[in-house]
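Notes follow the structure.
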Amino acid sequence: MIPYPKYNNIQKRSEKTNFFIILNINKTMLMRSIVLLLLTFTAIRTSLSAISHIPSSLLELPLDGHFSFDELHHAAKDFGNQIQFLPSAILYPKCVSDIALTIEHIWQMGPPSDLKVVARGHGHSIQGQSQTHQGIVINMESLKSPAMNFHRGKSPYVDVRGGELWINILRESLKYGLAPKSWTDYLHLTVGGTLSNAGISGQAFRHGPQISNVHQLEVVTGKGEVVKCSENKNEDLFYSILGGLGQFGIITQARISLELAPDMVKWIRVLYSDFDTFTRDQERLISAEKTFDYIEGFVIKNRTGLLNNWRSSFSPQDPVQASQFKSDGKVLFCLEMAKYFKLRESDTVIEETEKLLSQLNYISSTLFISEVSYIEFLNRVHKSELNLRSMGLWDLPHPWLNLLIPRSKIHIFAEEVFGNILRDTNNGPILIYPVNKSKWDNRTSIVIPKEDVFYLVAFLSSAIPTSTGNDGLEYIISQNKKILDFCQRADLGVKQYLPHYTSQEDWKAHFGPQWESFVQRKSAYDPLAILAPGHRIFHKAVSFL
């Protein structure tokens, strides 16, 4: 049978087309194979490169945990999302001896080795403090022993791992009707991380920071020694570690002071348009014997519809009057307070709250009150986190700036910063509240202002990486620099909290008279400067003489 000519031509073209399709498919598959091989080779080369920085003797240590040389990138960034240092390995310890053996081995290798070690909890540092370039990151959350242990005597406490999250401690302690006394605003942080800084929130005026509520620590020093320390035993190391920025040892266990836990919280917000009145009321509250259990404040600038935004979780005392409130573009100051209580004390707490509020001079139409459970109040920031994560906004860069400002200078600071330097606050909240110095122990490593009362002012900005406007990273960083430059020019006696400097001269200025003591402690507990290189305070194997 002779094929129909038209059909024959179509068949030939079809066969030709199929040939080229098959050829293109084969080319595509070949290219994909080549790319896959290149990626595999690159991954192997990266892993081998990472391993090459780790001495074989270190890999032969008898660990219960293990080193990982793959998927290191998550340890090369932190919550600040501005700085990235890729480590050579991550240690996943199962027990404290894994950490001690690793550090001791690096210590014995001496100055010729350039290996450094950093403990990483939940990675919530903001300037690369939990990172190390081509060093070893210790994942503290993988430490599984010992278990959380509660003591319910006259002075209750709990023994916890250094890598334990505060939210987990809260949940477990509530089962015993107990809770820690002092908190941070965000609870998904590790014990070792906050105790290496201070741990501040609205309870600090009464109980001090978290470092004022610790009875005992277990620490691995820069020599690999496992040491138990307290105010009565190895006390110099104990106070060195608290607020010591991880420079003297890694916290593997802590004994945290507890108190009886409340059931519920009266959560209150009021507004001020006058800064003097706002600070006067704050200072009156933190000095009173009978007062609120939590006191914080924040700055509101260039925002509208504020009261409407609060109504989802707060109820106005007078809905009609509140609806008529107009900010008129003014800078406002919010005083946030909380009164804790047991369910059986509901009537009493209403009377106490009304009495305290009657002593304040806020704008009467802006009284908003909510009643929530104790855990809901303490874990309030996590709700915001979930909302931001759902919108893809949680992992943005966070160029935060946290300052401790003497009370005598807070008005000078506010006039210039809130009146001139800051043009907008839509990039994140600005916290401002006073604390009592008497609740801080001057034997710890933390550096605070000299006056009896000082303020925490925290600029908690989020930046859009691609933006060149006032919500961009460069703009916010330059704004932070203007604030710091003003503080220095005006000689305000300001100290950075969660400090970040790039030169040792700046660190010397930060510590001031405490610098010599800080250096001596480093020489005693981490003489080769193996630990916490991300702060850029010391360089490994430098002489401290």
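The values are calculated or read from the model by the stated rules, or taken from the named source; none is laboratory data. Note that the structure is a prediction, hence the values are computed from the model and not measured. Neighbour counts run over all protein chains shown; Cβ positions are idealised from the backbone, glycine included. Note: areas computed on protein heavy atoms with side chains; ligands, DNA, RNA excluded. Shrake-Rupley method; radii C 1.70, N 1.55, O 1.52, S 1.80 Å.
Tabulated data for the structure shown
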| item | result |
| --- | --- |
| Accessible surface, the chain, averaged per residue in Å² (probe 1.4 Å) | 48 |
| With every protein chain in place, region 208-362: carbon and sulfur % of accessible area (1.4 Å) | 43 |
| Contact order normalised by residue count of region 398-499, Cα under 8 Å, 6+ apart, percent | 44 |
| Two-site FRET efficiency, T277 against Q514, from Cβ-Cβ distance with R₀ of 30 Å, rounded to 0.05 | 0.25 |
| Full-extension gain in nm, E71 to D236, via 0.36 nm per residue minus C-alpha separation | 55.6 nm |
| Under-5 Å amide H pairs with H122, H placed in peptide plane, nonlocal only | T190 |
| Sites I477 and I167, calculated FRET efficiency, Cβ-Cβ separation with R0 45 Å, nearest 0.05 | 0.90 |
| Calculated from backbone phi, Karplus (6.51, -1.76, 1.60) coupling profile of region 221-230 in Hz, x at Gly/Pro | 7, x, 9, x, 7, 9, 10, 8, 9, 7 |
| Loop-exposed GluC sites (Glu not before Pro) per DSSP, neighbour cap 16 Cβ within 10 angstrom, longest uninterrupted part of the chain | 290-450 |
| Between 0 and 90°, nearest 10: helix 96-109 axis offset from the chain longest Cα axis | 70 |
| Among beta bridges that DSSP assigns inside the chain, antiparallel share in %, nearest 5 | 90 |
| Region 71-148: proportion of alpha-carbon pairs further apart than 18 angstrom, % | 41 |
| Rounded if a/c under 1.5, otherwise prolate or oblate - region 256-396, Cα gyration tensor axes | oblate |
| Sequence-distant residues sharing a close amide H with Y433 (under 5 Å, placed H) | G297, L456 |
| Potential lengthening between N442 and D424 on full extension [0.36 nm per residue; Cα-Cα distance subtracted] | 2.8 nm |
| Spin-label pair S313/T468, simplified geometry with 7 Å Cα→Cβ offset, distance in nm | 3.7 |
| Alpha-carbon centroids, region 192-247 and region 104-150: separation in whole Å | 17 |
| Dipole in debye (nearest 20) - region 453-545, about Cα centre, beta carbon charges: Lys, Arg +1; Asp, Glu -1 | 180 |
| In order through region 166-181: 3J(HN,Hα) via Karplus (6.51 cos²θ - 1.76 cosθ + 1.60), integer Hz, x for Gly, Pro | 4, 5, 5, 5, 4, 4, 6, 5, 5, 5, 9, x, 10, 6, x, 8 |
| For peptides 131-137, 90-96, 321-327, sequence by mean Cβ density within 10 Å, most packed first | 131-137, 90-96, 321-327 |
| Equivalent-ellipsoid semi-axes of region 402-522, from the Cα gyration tensor, Å, largest first | 27, 18, 13 |
| Between 0 and 90°, nearest 10: helix 275-287 axis offset from the chain longest Cα axis | 80 |
| Gyration tensor verdict on region 353-462 (Cα atoms; rounded if a/c is under 1.5, prolate if a/b is larger than b/c, oblate otherwise) | rounded |
| Cα-Cα over 32 Å, subset of K116/K175; K175/K339; K339/K508; K144/K437; K339/K495; K301/K355 | K116/K175; K339/K508; K144/K437 |
| The chain, relative contact order in percent, only Cα pairs under 8 angstrom and at least six apart counted | 15 |
| Shape category assigned to region 462-545 from the gyration tensor of Cα positions, a/c cut at 1.5 | oblate |
| Mean Cβ neighbour count within 10 Å, used as a protection proxy, ranking 517-530, 460-473 highest first | 517-530, 460-473 |
| Degrees between helix 515-525 axis and first principal axis of the chain (Cα, 0 to 90, nearest 10) | 50 |
| Computed label-point distance, nm, for sites W394 and R344 using a 7 Å Cα→Cβ extension | 3.9 |
| Surface share of carbon and sulfur [accessible, 1.4 angstrom probe, percent] for region 442-545 | 52 |
| Residues A524 and D485, FRET efficiency given R0 of 51 Å [Cβ-Cβ distance, rounded to 0.05] | 0.90 |
| Region 126-181: relative contact order as a whole-number percent, Cα under 8 Å and 6+ apart | 23 |
